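Trainee: Got a structure for you, questions after.
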Amino acid sequence: MESVTFEDVAVNFTLEEWTLLNPSQENLYRSVMRETIRNLHDIGGYQVVEKLCEYEEDSQWEEIFSEIPDPVVNQKTGENSPESRVCGEDITGHSSLNVSLRGQTRCKTHEYKEHGEKPCKCKDCGVCFGSHQSFLKHEQIYTQEKPYVCEQCDKAFKHLSSLQNHKRIHTRERSHACKQCGKSFKRQSNVQVHERNHTGEKPYVCKHCGKAYTSYSTLRAHERSHTGEKPYVCKHCEKAYTSYSTLRAHERSHTGEKPYVCKHCEKTYTSYSTLRAHERSHTGEKPYVCKHCEKAYTSYSTLRAHERSHTGEKPYVCKHCGKAFTQSSYLRIHKRTHTGEKPYICKQCGKAFARSTHLQIHKRSHTGEKPYVCQQCGKAFAQSSYLHIHQRSHTGEKPYLCKQCGKAFTRSSHLQIHKITHTGEKPYSCKLCGKAFTHSNYLQIHKRIHTGEKPYVCKECGKAFARSTSLHIHEGTHSGEKPYVCKQCGKAFTLSSSLRRHDIVHSEEKPYICKCCGKTFGCYSSVQKHEKTHRENRLSV
């Protein structure tokens, strides 16, 4: 007969693992461990200490042993021994238990552990277990009576203490504070993990790549990136995740639940981490600083993505075309170019988009909203990128240079179009008349000549235009606005192109050359008039 010790029948958690359990799971664990200890005591000869793990307040053992009457709990010893490793740390010693356990359950569990198998799967949450005993314990979470119900969200609990602990989510009560920065937490154990951010301590190291973490739970989640294990499966769409918290946040996309509310603007979120990142937009706090350039960010994930711009790392690779990306979200969006998926649909006109940001921008075409305003001239834009490009008309910045001729442009798209003038390539052809264009936008605008479509309408007089630029020029006739001012003589213009043509008067530059005689001109209209005289002379002869 084979003898076992307490560790063979106990289920132990580290401090970090313990913090991952919800109140219902904690209470289930405590009740199972109380029953185990009583059974062992009834068999005889077993002594335990009052506190196996001294974790200040939130110890998994503290409450268990405080409720077990003597003589089960009857002594403490101050000596650590190699055999007494429970909860991942050295603990105060306890006398070993030599009890013979018959049956094949333990042997089967050992075989599963050896081969890494987890044959028992929970139908409710999708979590897998290596032993039938662990599986049965887990199932009790769903089968046990839960008489204590939360009035705010209807969640039920077995114990009143669990309900009271849960209520802190709604009240946001956080009684445990960090001494260094004042940040508060629901549990003291969470404070201990948080304090490692100040000390820089990272005791949990990945065996595969050597990366270190402040908490064991984070290490566990990271290790799954090596093994590919995703034990947490969504009931609605069967999508799998490496951590339970990620699954919970995902499930809210199906239920529409957003339990985390911003105190400043009452905006709601599916996860607490997203709420924390949002709240920093109100406070201006940016605690995550880049070591390379000292740029600060509101969230760690944004910092990680930024750091890849320094390292050049692109870990997310498309299986279809091999293109690599710095963020998983960019890869997901890119994949839609292969699948043609456009999940974001405008409720007003039915137009579909591959990105939610594109839908938000499109909606402004219906509402007329232009939230991005130029501080120099007051001109407003629907997109921040448009404002950024516009500001270059004031600063004169042209960051995009042609390598062949050195010409500079304010937009990268303009540079791409210009490059084609060197190659002569016109890849975009009209199917109706065969006319070719250097850019897809030019083709789209050209097609409106055939269809007669004029989607840009003036709100003042109702006049319609085929191009948005034509509408903007026309709107200037109503407002009298001339935002483009010559720095040398003060003359104002409605268009930036008109200002550029005017600037040639001051610079005496004559970039337009007659193909017939080589004479140069300051503006394109002048060279056109001049070339017309050559054609008239040829006709008269």
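The values are calculated or read from the model by the stated rules, or taken from the named source; none is laboratory data. Since the structure is predicted, the reported quantities are computational estimates derived from the model, not experimental observations. Neighbour counts are summed over all protein chains in view; Cβ atoms, including those assigned to glycine, are modelled from backbone coordinates with ideal geometry. These accessible areas exclude ligands, DNA and RNA; they are computed on the full protein's heavy atoms, side chains included. Shrake-Rupley method; radii C 1.70, N 1.55, O 1.52, S 1.80 Å.
Trainee: Given the pairs Lys186/Lys235; Lys314/Lys342; Lys121/Lys230; Lys363/Lys454; Lys363/Lys459; Lys370/Lys398, which span a C-alpha to C-alpha distance of over 21 angstrom in this model?
Mentor: Exceeds cut-off: Lys186/Lys235; Lys314/Lys342; Lys370/Lys398.
Trainee: Within the range 385-409, which residues have the backbone N less than 18 Å from the label spot 7 Å out from Gln376 along Cα→beta-carbon, could you tell me?
Mentor: Correct set: 385-400, 408-409.
Trainee: In whole percent, what relative contact order does the range 203-247 give with Cα contacts below 8 Å and a gap of six or more residues?
Mentor: Relative contact order comes out at 25 percent.
Trainee: Per 5 Å bin, what is the whole-percent P(r) computed from every C-alpha pair distance within the range 231-364?
Mentor: Binned Cα distances yield the sequence 2, 8, 12, 13, 21, 22, 15, 6, 1, 0.
Trainee: Let me ask you something else. Quick one: which of Lys435/Lys482; Lys487/Lys529; Lys447/Lys510; Lys407/Lys529 span more than 31 angstrom between C-alpha atoms?
Mentor: Lys435/Lys482; Lys447/Lys510
Trainee: Here's something else I'd like to know. Calculated FRET efficiency, Lys291 and Gln404, Cβ-Cβ r, R0 51 Å, to nearest 0.05?
Mentor: Once the sixth-power term is evaluated, E becomes 0.85.
Trainee: Rounded, prolate or oblate: which one fits the range 217-295, using the alpha carbon gyration tensor with axes a ≥ b ≥ c (rounded when a/c is under 1.5, else prolate when a/b beats b/c, else oblate)?
Mentor: Judged from the Cα gyration tensor, the range 217-295 comes out oblate (a/c at least 1.5, b/c at or above a/b).
Trainee: List the residues, sorted by chain then number, that are 5 or more residues from Tyr400 or on another chain and whose placed amide H is less than 5 Å from its amide H.
Mentor: Amide H neighbours of Tyr400, under 5 Å, 5+ apart: Phe409.
Trainee: Starting from 0.36 nm per residue, how many nanometres of slack lie between Cys153 and Gln391 once their C-alpha separation is accounted for?
Mentor: 80.8 nm
Trainee: Still on this model: Using 7 Å Cα-to-Cβ label points, what is the Ala464/Lys167 separation (nm, one decimal)?
Mentor: Simple spin-label model gives 6.3 nm for this pair.
Trainee: Then there is this: Taking amide H positions as placed in the peptide plane 1.01 Å from N, state which residues far from Tyr316 in sequence (5 or more) or on other chains have amide H under 5 Å from it.
Mentor: Phe325
Trainee: If you take the alpha carbon radius of gyration of the range 309-444 and divide it by 2.2 N^0.38 Å, what ratio comes out, to two decimals?
Mentor: 1.30
Trainee: Amide H of Tyr344: which non-local residues (sequence gap of 5 or more, or other chain) have their own amide H closer than 5 Å, using H built in the peptide plane?
Mentor: Phe353
Trainee: First check a/c for the range 497-541, with a ≥ b ≥ c the square roots of the eigenvalues of its C-alpha gyration tensor; if it is under 1.5, answer rounded, and if not, answer prolate when a/b is larger than b/c or oblate otherwise.
Mentor: Prolate.
Trainee: I would also like to ask the following. What is the Cα coordinate range of the range 425-541 on the first, second and third principal axes, sorted by size from largest, in whole angstrom?
Mentor: The principal-axis extents, from largest down, are 46, 44, 31 Å.
Trainee: Then there is this: Working out 0.36 nm times the residue gap between Cys349 and Ser253, then minus their Cα-Cα distance, what length gain in nm do you get to one decimal?
Mentor: 32.1 nm is the gain from fully extending Cys349 to Ser253.
Trainee: Evaluate the relative contact order of the range 321-428 (contact order divided by residue number), counting alpha-carbon pairs under 8 angstrom at least 6 apart; express in whole percent.
Mentor: That works out to 10 percent.
Trainee: Could you please state how large a percent of the accessible area of the range 340-413 is carbon and sulfur, counting protein chains only and using a 1.4 Å probe?
Mentor: Its accessible area is 49 percent carbon and sulfur atoms.
Trainee: Let me ask something else. Could you tell me whether the range 380-471 comes out rounded, prolate or oblate from its Cα gyration tensor? Rule is a ≥ b ≥ c as square roots of the eigenvalues, rounded for a/c under 1.5, then prolate if a/b exceeds b/c, otherwise oblate.
Mentor: It comes out oblate by the Cα gyration axes.
Trainee: Can you pull out the chymotrypsin sites (Phe, Trp or Tyr not before Pro) in the range 442-492 whose DSSP state is coil and whose Cβ has at most 10 other Cβ atoms within 10 Å?
Mentor: none
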